[in-house]
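Asks: Sharing a structure below in structure tokens format, with a few things to ask.
Read the figures in this text as sums done on the coordinates, not as results from a lab. The structure displayed is predicted, hence computed values, not measured ones. We place every Cβ from the backbone using ideal geometry, glycine too, and count neighbours over all the protein chains shown.
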Amino acid sequence: MVSSYTHPRYAAAVPPELSDGSVRRVPVVIVGGGPVGLAAAGEFARLGRETVLLDEDDTVSTGSRAICWAKRSLEVFDRIGVADRMVDKGVVWKLGRLFHRDREVYNFDLLPEDGHKMPAFINLQQYYVEDYLVDAVTALGKTDMRWKNRAINLEVLRDGAARLTVVTPHGQYAIEAEVVLAADGVRSPIRTSLGLDFEGKVFEDRFLIADVRMKADFPSERWFWFEPPFHSGQSVLLHKQPDDVYRIDFQLGWDADPEHEKKPEVVIPRLKQMLGEGVAFDLEWVSVYTFTCRRMARFRHGPVFFVGDSAHVVSPFGARGGNGGIQDIDDLCWKVDRVLKGETPAALLDTYDDERIPAADENILNSTRSTDFMTPKSQASADFREAALEMAADLPFARRIVNSGRLSMPHTYRVTPLNTSDDEVWAGGPAPGAPALDAPVLAKSAPWLLNHLGHRLVALHFTEHASAVEPFAIDGVETVVVARQGQASRATTLIDPDGTVFRRYAAHDGTVYLIRPDQHVAARFGTASMAAVERARDRALGLVHDQQPRRAAGA
């Protein structure tokens, strides 16, 4: 197998604990240097928070692994400072095509409306994402990145902190932390050391991933086949990646022998049957996986917070694994930072379970439904799928039944103690708990709305004319004015000349949205008083708990 990518090697320095024999205590340790752990380091660095990151390797991931990065993840990556580089390198796409046997059934557009900085999706190999994140985190200068440092055990101390045992090429040491983010993957040693496990289901089906390097004229789209003539009546997925690499997933069935199916002498004939005998290609990476939909009962265990694959796993169809992990750290990092600074009570950290467990359940539900449709368990299920695929070509309602993987969307935190309920009926716009919507603006700096949100509480105040409103003077909240007319005379004034922001937020003169540091809506008001925004601020920071019921973790 060949690869056009050269993996960097990072120096494994001697940790200071081994130099002087000390056991240091630091505010935050991140275990795992994959996309989720590195993104967490980047988010903390943007917040001014120093962290220690432990990774057992000294390079980025082998194989493309996660490749589909959704719009919301790209918006988080944009805050960290790597999204532009990812989009420039990645294959941008928004169109999908679905085939049944030898005909196209229908196609879909994931972002039909213009006026967004980030695309619906890009395809980019995981090793590039990690590479770019390492560069960005290094440049920010707040992260002690320790390569070849393998965390093998964690214990919770009497004072509520955590002690990690770490093995390195230079010896073994211990380090303590007030907070640990376990981003150490599906086989998480941290989870094992605490005696914790997943709950959920492993499905009886296997899929082959083949990354193929070739010159081909497939468009930058997602192509999915049910029962294609070139693959024994099962399903196939095709995605284009950078560097002339294509991801091809073949459904194999439960009886397939994973080790046998990964052999080049087995994979190559399968690819030739799909691509044609005359197409030249090289294998870059091959893997076999099983559909799995599982999660931990709780993601927080004292000072330890499980994120990404260490907390939950889903099937790759729908791109909900890596994107879900990025949304985990989007939700968590600002809360940890504020609690460690003493700005908010420690109870704010409990809302990580309140918000991310329902998000994981949503991803698991969608992945389970995809699996059930793709692998019928009975003749009745197979007949139902056949009928849905036949009708979908002509009847739009049937397309909602067809399921080749519901693609990743950001979760809306509908039930959380941090929201303030709407005080009126809204005709549209992002509801409390939803992520803020991007739009183009005229400004003194960045020409996109989301670049003016994030890492702090913002009151987004809509007005007809920029000169007609004075910013709220509310402690801990920055007011950003959005005006239809006027001049962007200061950094916190944005002009919306064509009304896109007003329309996307269903806003009128006097509307106010309170946006959390993770760019999710905490509250919105048709007409807002300073007192109302202050109450919503206190709720968004976990200072009061008298309105919204807290969802029981795991319910």
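Asks: Let's see if you can work this out: charge +1 on each Lys and Arg Cβ, -1 on each Asp and Glu Cβ, no other charges. What is the dipole magnitude of the stretch 308-409 about its Cα centre, in debye to the nearest 20? Write out the running numbers ahead of the final one.
Replies: Values: 11 positive and 17 negative charges, 48 e Å.
Using Cβ point charges on Lys, Arg, Asp and Glu, the stretch 308-409 gives about 240 debye.
Asks: Out of 69, 391, 26, whose Cα points farthest toward the positive end of the dipole of the chain (charges: +1 Lys, Arg; -1 Asp, Glu; placed on Cβ)?
Replies: 26
Asks: Please state, to two decimals, what the Cα-based radius of gyration of the stretch 393-487 comes to when divided by 2.2 N^0.38 Å (N = residues). Could you put the intermediate results ahead of the total?
Replies: Working: Rg = 18.1 Å, N = 95, 2.2 N^0.38 = 12.4 Å.
For the stretch 393-487, the normalised Cα radius of gyration comes out at 1.46.
Asks: Where does each of 384, 250, 44 land when they are ranked from fewest to most other beta-carbon atoms within 10 angstrom? Mind dumping the intermediate values first?
Replies: Details: 384 14, 250 24, 44 28.
In increasing order of surrounding Cβ atoms, one gets 384, 250, 44.
Asks: For the stretch 287-292, in order, what is each residue's ³J(HN,Hα) by Karplus, 6.51 cos²θ - 1.76 cosθ + 1.60 with θ = phi - 60°, in whole Hz (x at glycine and Pro)?
Replies: Those phi angles translate into 8, 10, 10, 10, 4, 9 Hz.
Asks: Hey, can you rank 446-453, 174-181 by average C-beta count inside 10 Å, highest first? Spell out each step's value before the answer.
Replies: On the way: 446-453: 19.5, 174-181: 22.0.
Descending mean neighbour count gives 174-181, 446-453.
Asks: On to the next question. Roughly how many debye, to the nearest 20, is the charge dipole of the chain about its Cα centre, given +1 on each Lys and Arg Cβ, -1 on each Asp and Glu Cβ, and no other charges? Intermediate values should be presented prior to the final figure.
Replies: On the way: 64 positive and 77 negative charges, 60 e Å.
Dipole size: approximately 280 debye.
Asks: Based on DSSP H runs of at least 4 residues, each adding -39500 (n - 2.57), what is the mean residue ellipticity at 222 nm of the chain after dividing by all its residues, to the nearest 500 deg cm²/dmol?
Replies: Calculated mean residue ellipticity at 222 nm is -8000 deg cm²/dmol.
Asks: Here is a further query. Sort the following peptides by mean Cβ neighbour count (other Cβ atoms within 10 Å, averaged over residues), highest first: 69-75, 306-312, 213-219, 138-144.
Replies: On the way: 69-75: 24.9, 306-312: 28.4, 213-219: 11.6, 138-144: 14.6.
Result, highest mean Cβ count within 10 Å first: 306-312, 69-75, 138-144, 213-219.
Asks: Something else now. Multiply the residue gap between residue 102 and residue 257 by 0.36 nm, knock off their C-alpha separation, and tell me the result in nm, one decimal place. Present the calculation step by step, with values, prior to reporting the outcome.
Replies: Working: separation 155, 0.36 × 155 = 55.80 nm, distance 2.80 nm.
Once the chain is fully extended between residue 102 and residue 257, it gains 53.0 nm.
Asks: I would also like to ask the following. Need the C-alpha centroid separation for the stretch 299-371 versus the stretch 224-257, integer Å.
Replies: Comparing the Cα centres of the stretch 299-371 and the stretch 224-257, I get a distance of 30 Å.
Asks: Send over the per residue convex hull volume for the stretch 341-381, Cα only, as a whole number of Å³. Display every interim value, and only then the final one.
Replies: Details: hull volume 2.6 nm³, N = 41.
Normalising the Cα hull of the stretch 341-381 by residue number yields 64 Å³.
Asks: How large are Rg and Dmax for the stretch 217-364 when calculated on the C-alpha trace, in angstrom?
Replies: 20.5, 65
Asks: Per residue, how much space in cubic angstrom lies within the convex hull of the C-alpha atoms of the stretch 327-472? All intermediate terms of the calculation are to be shown ahead of the outcome.
Replies: On the way: hull volume 29.4 nm³, N = 146.
Looking at the stretch 327-472, the number lands at 201 Å³ per residue.
Asks: Here is a follow-up. Let me understand the stretch 200-292 better: what is its radius of gyration from the alpha carbons, and its Dmax, in angstrom?
Replies: Taking only Cα atoms of the stretch 200-292, I get Rg and Dmax of 13.0, 44 Å.
Asks: Pop out the ³J(HN,Hα) list for the stretch 179-196 in order, Karplus 6.51 cos²θ - 1.76 cosθ + 1.60 with θ = phi - 60°, rounded to Hz; leave Gly and Pro as x.
Replies: 9, 10, 9, 8, 10, 9, x, 4, 9, 2, x, 5, 4, 5, 5, 8, x, 9
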